[in-house]
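To keep things clear, I will list the structure first and then write my remarks on it.
No lab work stands behind these numbers, since they all come straight from the coordinates. This is a predicted model, so every value here is computed, not measured. Here the Cβ positions follow ideal geometry from the backbone for every residue, glycine too, while neighbour counts run over all protein chains shown.
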Amino acid sequence: MRTVIQRVRHASVSVEGKEVSSIGQGLLILLGIESADTEEDIQWLCRKVLALRIFDDTDGVMNRSVIDVAGDIIVVSQFTLFASYKKGNRPSWIRAAGHEHAIPMYERFVEVLSQGLGRSVGTGVFGAEMQVEIINDGPVTICMDTKNKE
């Protein structure tokens, strides 16, 4: 699994001009899933996301998690995170999981994240053409890959 995690002041997702999710302070997570991803990847990534200390404390130091600040989360499926651009100029997404694997993994990721957060996590619409609006906070952007745990 690959993610791009952005600390936001506001984020929303729309499909065909209709808003499907919206949050204030929190995290926007773009999530890419590959065929090799498992439940272990979901558990590791959800633990990391929920504990990630990227929100300011009273001294202005990034020392608080999304849970600590009572922030919200939106998760948007993003198969293009697995773009292969090694050969030529047209990216290939051969490593991105097909719907039969990706949809249940995406839904499980949202479920585990919601359980850890203690409330529902917003989502986009899997496979839809979405418009994502964000107001970055910082900006703070972190990329994670469960196959490359740095």
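Note on N63 and C143: with the Förster distance fixed at 22 Å, the Cβ-Cβ geometry gives a FRET efficiency of about 0.60.
Return one number: the angle in degrees, 0 to 90 and rounded to the nearest 10, between the long axis of the Cα atoms of helix 99-117 and the longest principal axis of the Cα atoms of the chain. Tilt relative to the chain: about 10 degrees. Between helix 39-51 and the chain there is an angle of about 30 degrees, using the helix long axis and the longest principal axis of the Cα atoms.
Region 76-150 and region 1-18 have Cα centres lying 10 Å from one another. Per-residue extension of 0.36 nm, minus the Cα-Cα distance of A128 and R90, leaves a gain of 11.6 nm for this segment. Summing charges over neighbours of V140, with a neighbour being any other residue whose Cβ is under 13 Å away from its Cβ, gives +2 when K and R count +1 and D and E count -1. Amide H contacts under 5 Å for D137: R7, V8, R9, restricted to partners 5 or more places along the chain or on a different chain, H placed in the peptide plane at 1.01 Å from N. FRET efficiency for the K18 to R53 pair, using the beta carbon distance and R₀ = 25 Å, is estimated at 0.10. Between M130, M105, M62, the Gaussian network model of the chain with springs among Cα atoms under 10 angstrom shows the greatest mean-square fluctuation at M62.
Look at the dipole of region 45-144 built from charges on Cβ: of L117, I73, G127, the Cα furthest out on the positive end belongs to G127. Each Lys and Arg adds +1 at its Cβ and each Asp and Glu adds -1 at its Cβ; summed about the Cα centre, the chain shows a dipole of about 440 debye. The simple spin-label model puts a point 7 Å past each Cα toward its Cβ; for E39 and H99 those points are separated by 2.6 nm. Within the straight-line cut-off of under 19 Å between alpha carbons, the lysines reachable from K149 are K48, sequence neighbours fewer than 8 places apart in one chain being disregarded.
Here is the list for region 1-103: chymotrypsin sites (Phe, Trp or Tyr not before Pro) lying in DSSP coil, each with at most 16 other C-beta atoms within 10 angstrom of its C-beta, are Y85, W93. Could you run the Debye sum over the Cα atoms of the chain, one equal point scatterer each and no solvent, and tell me log10 of I(q)/I(0) at q = 0.13, 0.16 Å⁻¹, two decimals? Ignoring solvent entirely, the Cα scatterers give -0.57, -0.87. Checking every one of the trypsin sites (Lys or Arg not before Pro) in region 13-70 against DSSP loop status and a limit of 14 other Cβ atoms within 10 Å picks out R53. Residue by residue, region 30-35 carries 3J(HN,Hα) couplings of 8, 10, x, 10, 10, 4 Hz when phi is fed to the Karplus relation 6.51 cos²θ - 1.76 cosθ + 1.60 (θ = phi - 60°); x denotes Gly or Pro.
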